[in-house]
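First up is the structure itself, then whatever we jot down about it.
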Amino acid sequence: MRIVYVALDQQIPGTLGGSVHVQAVAEGLAALGHEVHVAVAQGGPWPAGSVHWHAMRPPLGRPELRWMRAGAVADLARQVGTDVVMERYYNFGGEGVTAARQLGVPSVLEVNAPVIDYPGSTKSRIDRALLVEPMRRWRDALCRQASLLVTPNVQILPSWLDRAKVLEAEWGADVDSFRPYVTGPLPFTRDPGRVLCVFAGAFRSWHGVAQMAASLARLHRQGEHRLGAVFIGDGPERAAAEQLTRKVPSVTFTGAVPHDQLPQCLAAADIGVAPFDPGKHKPLALGFYWSPLKIFEYMSAGLPVVAPRLPRIADLVGDGNEGLLYDPAEPRTLDDALVRLTDKELRERLGRGARARAVAQYSWRAHCALLDTRLRALVASRPGSRT
C-alpha cells in the first residue's frame with residue numbers, strides 16, 4: 001500500500017529520539033513492501049534506501065503552526081495516491097488527520113506524548129480561561145477522527161476513547177545495528193582498566209544526567225576508582241554534569257554523535273545508564289509514559305541497564321534479569337547499582353538477558369509488524385482498496 005507519514009516538527013536525519021523513531025518506522029514499513037512517503041524537516045542528505053522523503057517545515061518553522069500544512073499534506077497524499085495517512089502527534093498538529101479526512105482515506109495518529117493535560121498544566125489553565133477550551137476540543141476531535149491511534153501507553157489518551165481503535169505497542173531498537181561487539185571509530189578513548197558506564201541521549205533535566213554525574217563524583221570521593229564514563233549527547237544539563245565530574249578521571253563528554261555511529265559507542269561500553277528523574281518533568285505526573293529508546297538500544301547492544309525502579313521501567317527491565325533498578329528517592333542506591341556491576345560475571349549475565357529480551361520484544365521490526373497488520377486491516381475495510 002501507499003503510505004504518507006507526517007512529522008513536520010522532526011528533522012531527518014537527526015540524533016534525537018523523535019527523529020530516530022520516524023526514520024525507523026518509515027524504513028520498517030518500507031521493508032515490508034509498502035511505498036512510504038515521509039514529510040519532515042530536512043537536516044542533511046536524505047537517508048539512502050527506498051523511503052521517499054519530502055521536505056516540509058511548519059509555517060515560519062513554528063511547530064505550533066503545523067496544522068496549517070493540512071492543504072500541502074493533502075496535495076502530497078493526492079499526488080502519490082495514498083491509501084493511508086500517518087501523523088506523529090503534536091499538541092498543535094492535525095495536518096495529517098485533516099488531510100486524510102479531506103481525501104476520505106484512513107488516518108493513523110502516533111501518540112508519544114500525553115493528549116490529556118497533566119494536573120496543573122499551564123495549557124489547561126489557559127484553555128479554561130478561554131471558556132470553550134479550544135485546545136482540548138481540537139485534540140479530542142483529532143482522536144475521534146483518527147482511524148487508529150498507536151501509543152506505548154494507553155493512559156495518555158482520553159479515557160472516553162474507544163480502545164478498539166488503539167494499538168498499544170512499545171517503540172524499539174534496530175537490533176541488527178545495535179548488537180554486542182560492533183566495531184568502528186569512537187569519539188572517545190576507552191580506559192581498559194575501568195568499567196565504562198554510558199549515558200546516551202538529550203541532556204534534559206528529567207533525563208537525570210546530573211544524577212549520574214553526581215553518583216560518579218560521590219563514588220570517586222569514597223575511593224571507588226574502578227568506574228569510568230562516557231556521556232554522549234548534548235543539552236541544557238551538560239554544563240552541570242561536566243562541573244560535577246570535573247575531578248573524576250576517565251569521564252568523557254562527546255557531544256552529539258550521529259545515530260549511525262552510536263552502535264559502536266554502546267558496544268564499547270559495559271553498563272548502560274538511564275537515570276530518569278520524573279519529578280523534573282511535570283507531564284510525567286501522569287506516569288512514566290515514555291517508551292525509552294535509550295533503554296532498548298542499551299539492551300540490544302548487550303548492556304546491563306541501570307535505571308530507577310518506576311512502574312513502566314520495571315515492566316521493561318527485569319531487576320536482576322536484564323539490569324539493576326534503584327530507588328529514585330535514594331540517590332545512593334544508584335551508586336550501589338554501579339558498584340555491583342563492577343562484577344564482570346554479573347554484567348555479562350545481565351547483558352545476555354538484555355540482548356535476548358530486546359531481540360524478542362523491543363525491535364523496530366516487531367513494532368512495524370504489529371503496525372503493518374493494523375494498517376492492512378484499515379485499508380482492506382475500504383471498498384476498492386489495494387494492499
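Cut-off is 10 Å between beta-carbons; in what order do 345, 330, 110 appear when sorted fewest neighbours first?
Neighbour counts put them in this order, fewest first: 345, 330, 110.
Write down Rg/Rh for the chain, rounded to two decimals, with Rg from the C-alpha atoms and Rh from the Kirkwood relation over Cα pairs. Could the numbers behind the result be given before it?
Working: Rg = 21.5 Å, Rh = 21.9 Å.
Across the chain, the Cα-based Rg/Rh ratio is 0.99.
Per DSSP H run of n ≥ 4, the term is -39500 (n - 2.57); total these for the chain, divide by its residue number, and report the mean residue ellipticity at 222 nm rounded to 500 deg cm²/dmol.
About -11000 deg cm²/dmol.
Could you work out the equivalent-ellipsoid semi-axes for segment 1-129, taking the square root of 5 times each eigenvalue of the Cα gyration tensor, largest first, in whole Å?
Taking √(5λ) for each eigenvalue gives 25, 17, 14 Å, largest first.
Rounded, prolate or oblate for segment 258-339? Axes are the square roots of the Cα gyration tensor eigenvalues, ordered a ≥ b ≥ c, and the cut-off for rounded is a/c under 1.5. Numbers along the way, then the final one.
Details: a/c = 1.86, a/b = 1.32, b/c = 1.41.
Verdict is oblate for segment 258-339.
Go ahead and set up a Gaussian network model of the chain, Cα springs under 10 Å, then flag whichever of 350, 262, 161 fluctuates most.
161
When a footprinting reagent is the concern and you count Cβ atoms within 10 Å, what order do 346, 244, 103, 341 take, fewest first?
346, 103, 244, 341
Step through the residues of segment 46-54 one at a time and calculate ³J(HN,Hα) from phi using the Karplus curve (6.51 cos²θ - 1.76 cosθ + 1.60, θ = phi - 60°), rounding each to whole Hz and writing x for Gly and Pro.
4, x, 5, x, 8, 6, 9, 9, 10
By the gyration tensor of its Cα atoms, with a ≥ b ≥ c the square roots of the eigenvalues, what is the shape of segment 195-361: rounded for a/c under 1.5, prolate for a/b over b/c, or oblate?
Details: a/c = 1.24, a/b = 1.09, b/c = 1.13.
In terms of gyration-tensor shape, rounded.
Scattering from the C-alpha atoms of segment 1-43 alone, worked out with Debye: what is log10 I(q)/I(0) at q = 0.24, 0.25, 0.26 1/Å?
-0.76, -0.81, -0.86
Based only on other Cβ atoms within 10 Å, what is the fewest-to-most ordering of 362, 289, 181?
181, 289, 362
Any read-out appearing in this document is the output of simple, stated calculations on the displayed coordinates, not a laboratory observation. None of these values were measured; they are calculated from a predicted model. All Cβ positions, even for glycine, are placed from backbone atoms using ideal geometry, and neighbour counts span all protein chains on display.
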